[in-house]
Amino acid sequence: MSGLTITGVDTAIVDLPLRRPHRFKSMTATHQSYLLVWVRTGDGITGIGESVVPGGPWWGGESVETMRAVIDEYFGAELIGGDATRIERLMHRLDRVAAGNSFAKAAMEIALYDVCGRALGVPVYRLLGGLYRERIPVTWALGAEDADIVIAEAEEKLASGLHTSFKLKMGASEPRADAERVVAVAKAIGDRASVRVDLNAAWDEHTSTRWLPVLAEAGVDLIEQPVPGWNVEAMRRLAARLDIPIMADESLLSVQDALTLCRTEAADIFSLKVHKLGGLAATKKTAAVAEAAGLPCHGGSSIESSIGTAAAAHAYAAISNVTFGCELFGPMLLAQDLATEPVRYGLGGLRVPDGPGLGVELDLDQVGRYARGGSRR
C-alpha cells in the first residue's frame, strides 16, 4: 500500500432517538448525539469515524460540540497533507496540538483505520492483530428506574435469548433505596443471569463500604466504579474488602492510569472504552498492561451507533483478555441507526463485521435526516 495523502477532514453532528429513556446518575437521555468525521484522501478513499459521550459532557467533560470545534479548528488542519497509513505518528501530532480531548482523537483515529482497511481491502481487526474471537457476548445495560420496570425489561431480554448478563445503573437516588432496588432485581433474575451494577462514581468510600456488601450478599457479581475516578486509594481498599470484583472505568482514562491501577491493586477488571482511551491502539495498549498484571478486561460502551460499535468490536475481538464480554448494545437501544446495514447480533453475541475497513457503510440519507444544522462535508 502506497502512501495515502490526507486531503480533507469533514464533520457532522447527528442526534438519534432512543427506543426508551436511559437514566444515568445525573440525567435521563431520550436521544443520543454523535460526532461523525470523514477523512478524505487523494486516492479517493474516505474513512468514517464516530465519537460519542453517553448523554452529554457530564461523563468526561467532552461533548459532540467541543469535539467538532477542536477537529474543525485544529485537528483537521494538522492532518492535511499527512500520510493516513502512519496512524500512530499522526496521533502523536494531535497530542502536540491539544492535550486531552481523547474522544475527539478517537474519532480521528477510527477514520484513519477505516481508510487503511478500505485501501487494503481488509477488516480493521486484521490491522490490530487479527481476530481472537468472532463474537462478543453482550451485557444489556438497564437504567436507574424502579425495580419493577427494570425487572420487566430484563425478563423480556432473557426471553429473547440474546443476553445472559445485565448491568444496572445506580447513583440517581438515595443509597438505601438504590441498594434495595438492586437487591430486588438480583433476587428476581440473579439465578438466571449475571447481575452487575455501575455507580458512575456516585458514592464516597463510606457509603460504598456500607452498601456494597449488601449488593454482594444479594448476588450481584460485579461493581463498576463506585467512587470518583481520582480516588484510587478508596478503590484499592474497596477491592481488598469485597469478594466480588471491582471494575475501573472513570479511574481508567489512559495507559498510564492502567499502570497505576495495577501497581496499587485498585481494580480487579478494566472497563475498556475506545473513546475515553483515545482510540483503538490505546485500547490495545491498555489491555496489554492489564494482561501483564493478570487482569481481565470488559468491552465498555458509550451507546455508539453501528459505526462506533463496529470500531469497538474490531478492537475487543482482537484482544485476548477481553473475557468479561462487552456492552456494545447501542444499536439495539437506538430507534434509528447510521449504517445502511446495522451490526448483527445473535445468540452468541455481537458478530464482528468482516468487510473492508470498519465493515459497515454510512447511510447518508439518515445522516441528512438527523444532522444538526447540516454537515461540514
key: Some residue of segment 259-275 being touching a Gly at 6+ places or on another chain (Cβ under 6 Å), farther than 21 Å from residue 108 by Cβ and either of a type in the set (Asp, Glu) or open to solvent by less than 10 Å² (accessible area, probe 1.4 Å) (or both)   = yes
ask   = Is segment 223-242 home to any residue that is over 29 Å from residue 283 (Cβ atoms) and of a type outside the set (Asp, Glu)?
value = yes
Candidate set from segment 187-244 (those that are open to solvent by 30 Å² or more (accessible area, probe 1.4 Å) and among the small types (Gly, Ala, Ser)); member that is farthest from residue 261 (Cα to Cα) = 188
note = Taking segment 263-291 and the residues there that are without any contact (Cβ under 8 Å) to a residue 60 or more places away in the chain and assigned to a loop (DSSP other than H, G, I, E, B), the one that is nearest to residue 327 (Cα to Cα) would be 273
request  = Note down all Cβ pairs under 7 Å where the first residue falls in segment 159-181 and is within 15 Å of residue 142 (Cβ to Cβ), the second is surrounded by fewer than 16 Cβ atoms within 10 Å (Cβ to Cβ) and polar (S, T, N, Q), and they're at least six residues apart or on different chains.
outcome  = none
remark   = By my count, helices (runs of 4 or more DSSP H) wholly in segment 292-377 with at least 3 residues that are open to solvent by 60 Å² or more (accessible area, probe 1.4 Å) and out of contact with any helix residue (DSSP H, G or I) (no Cβ under 7 Å at 6 or more places or on another chain) are 364-370
query = Across segment 140-192, what is the number of residues that are of a type in the set (A, V, I, L, M, F, W, C) and either in contact with a His (Cβ under 7 Å, 6 or more places away or on another chain) or part of a helix (DSSP H, G or I) (or both)?
reply = 18
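The values are calculated or read from the model by the stated rules, or taken from the named source; none is laboratory data. All values derive from a computational prediction rather than experimental measurement. Cβ sites come from the backbone with ideal geometry, for glycine too, and all protein chains shown count toward neighbours. Heads up: the accessible areas ignore ligands, DNA and RNA and are worked out on the full protein's heavy atoms, side chains in. Shrake-Rupley method; radii C 1.70, N 1.55, O 1.52, S 1.80 Å.
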